[in-house]
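K.L.:
One structure coming up, written as structure tokens, with questions to follow.
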Amino acid sequence: MYLLSDKDRAVALCQQVFLDVVSNADSFHLEMQFRPWLYGFFHRRWLPLQAEAEVTPTDGPIADVAPLSEEPRVGSDPSAAGPPSSRAYRSQLLARRVLERLQALSTEGREILLLKLVANLRLREIAQATGLQEDAVRSKLRHALERMQEAVSDTEEYARALR
Amino acid sequence: MDCEAFDKVVLDRIFSELDDVSVGAVQRHVAHCSRCRQIESSLRATRDVGQLAVHEVPPGFLDSVVALERQAHAILPFRQRLGRLVSVAASYAMRPQHAMAVLALLMIVGSLFLVRVRPDSRLLVQVTERGVPEGEPETAAPAARAASSGPDRDRYAGPEPKATAGEAVAATELLAEARRAYRDGRFAEARDLAERVTAGGGAEASAAALLSAEATRFESGCEAALPRLATIRTRSAKSAAEEATWHSAECQLELGNHSEARQLFDSLSQSAAWGSRARERLRSVEPPAAATSESNPAPPPAAAGGAPASP
């Protein structure tokens, strides 16, 4: 979903990956790790879809995020009016910023960041799933995190996390 | 650890993928390096803040996946479906437990070929005193052998079997009877009796063989006796062999084979028992005198007594 920016395409991708897993079940051995094997199918299915998505961009995952709350804010621009007092509003604003920055990342950086933060794969497993070197995975993940940091460094949540 | 090494492991550190030894090194480095401490804390904060919500699986997703899988399986070509079945069966067959079970089964089936068809029949076999199964004809009996006609070299070929005490007494009596028949001129009867003793083996076998050969000589002629004497010469003890050599030489003289006779007498010339007689006969069968000596064979009863006649 975060990768394809489209719910229907994400569902279709997951179905295809499940079919791949079932039809290639005999290629899995006990000495293999399951998650890199599984996300390897995902990676191979996602790459052509991603290339197609770059040709015909959609609204992105932001379109699926719930709209911002009505208030509480003084003016129309929340950043100009200072930090909003509502906690839910701040969470929505943070999620929107994260998703915007996620979309701005490169294809590989976005995939690696999501495999780490959402799928919670280890670095070695990400390297196996994507076919990259482990050092390359580290480099791209650190670059993606630093880009993400630029987007959230002025938020209260970030300041709280620093403490 | 320095800052360069820290940069390589900082992600492992914040995602808790670092081993214990490296964790200690990173902690010591961060404790006195403000730059690395700031990098670690900022990346850790970004990780915490940037957590994304996991989407719920849409309703009916699993059903749609199952339906798609069935559909895909239904349209598989026959060869691919067969290949899938074969690969599944092979994956089962390659498991060690199954391989061991097949091996055990093969061993059990193979052992069935080694089992006798009627194992209880072995218990029913009874043998006669001579070791022949009771139900079979006793073809190895001495009487049956003695009844056979004509020369039989193999009869003397093997080592003399050991006879029991009862058999030895019977062999002695048989041999004595054979000698009596020989002296009375019943050479065929003497030969048959002596052959029975020879077939039974024992201490009298050599003497009986000699007597049988001599009886054959006087019944059927030297040509029939020579093979028997030759067998005794090569297979029997020294005394019997020397006596057989003497009789062979006499037979060769009788047949006119002077050179063979001389060779045989010559082989006896060093014998303690037969040497003097052999040397005397050698002189008598000198080529000029060969014609006169051929007509003087040794008297049969003296040789047939089982011992040298004069020495």
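K.L.:
For the range A:135-162, what are the residues that are more than 7 Å from chain B (Cβ to nearest Cβ), assigned to a helix (DSSP H, G or I) and either over 19 Å from the mean Cα position of the chain (by Cα) or of a type outside the set (D, E, K, R) (or both)?
P.N.:
Residues satisfying the conditions are A:Asp135, A:Ala136, A:Val137, A:Ser139, A:His143, A:Ala144, A:Ala151, A:Glu156, A:Ala159, A:Arg160.
K.L.:
Here's something else I'd like to know. Among the residues of the range B:263-287, what is the count of those that are in a helix (DSSP H, G or I) and within 46 Å of the chain's Cα centre (by Cα)?
P.N.:
Residues in the range B:263-287 being in a helix (DSSP H, G or I) and within 46 Å of the chain's Cα centre (by Cα): 6 in total.
K.L.:
Identify the single condition in (1) at pLDDT 70 or above; (2) within 18 Å of the chain's Cα centre (by Cα) that A:Glu54 does not satisfy, given that it satisfies every other one.
P.N.:
Among (1) at pLDDT 70 or above; (2) within 18 Å of the chain's Cα centre (by Cα), the lone unmet condition for A:Glu54 is (1).
K.L.:
Please specify each residue of the range B:26-39 satisfying the condition of being surrounded by 15 or more Cβ atoms within 10 Å (Cβ to Cβ), away from chain A (no Cβ under 11 Å) and within 19 Å of A:Arg163 (Cβ to Cβ).
P.N.:
B:Val30, B:Cys36
K.L.:
Tell me, please, whether a residue that is closer than 28 Å to A:Leu93 by Cα, part of a loop (DSSP other than H, G, I, E, B) and out of contact with any strand residue (DSSP E or B) (no Cβ under 8 Å at 6 or more places or on another chain) can be found in the range B:26-44.
P.N.:
no
K.L.:
Confirm whether A:Gly60 is within 14 Å of the chain's Cα centre (by Cα) and at pLDDT below 50.
P.N.:
Yes: the conditions hold for A:Gly60.
K.L.:
Here's another thing I want to ask about it. Would it be correct to say that B:Ser16 is closer than 30 Å to A:Leu13 by Cβ, out of contact with any Ser or Thr (no Cβ under 7 Å at 6 or more places or on another chain), among the hydroxyl-bearing types (Ser, Thr, Tyr) and more than 9 Å from every other protein chain (Cβ to nearest Cβ)?
P.N.:
yes
K.L.:
Please give the number of the condition A:Ala151 fails out of (1) buried (at least 20 other Cβ atoms within 10 Å of the Cβ); (2) closer than 17 Å to B:Ile14 by Cβ; (3) at pLDDT below 85.
P.N.:
Only one criterion is unmet by A:Ala151, namely (2).
K.L.:
Looking at the range A:109-123, which of the residues that are surrounded by fewer than 18 Cβ atoms within 10 Å (Cβ to Cβ) and touching a residue at least 24 places away in the same chain (Cβ under 8 Å) is nearest to the other protein chains (Cβ to nearest Cβ)?
P.N.:
My answer is A:Val118.
K.L.:
Pull up the range B:69-90, narrow it to residues that are modelled with pLDDT of 80 or more and more than 43 Å from the chain's Cα centre (by Cα), then point me to the one that is farthest from the other protein chains (Cβ to nearest Cβ).
P.N.:
The residue in question is B:Leu82.
The values are calculated or read from the model by the stated rules, or taken from the named source; none is laboratory data. What you see is a predicted model; the values in this text were computed from it and never measured. Methodologically, a virtual Cβ is constructed for each residue, glycine included, from the backbone with ideal geometry; neighbour enumeration extends over all protein chains shown.
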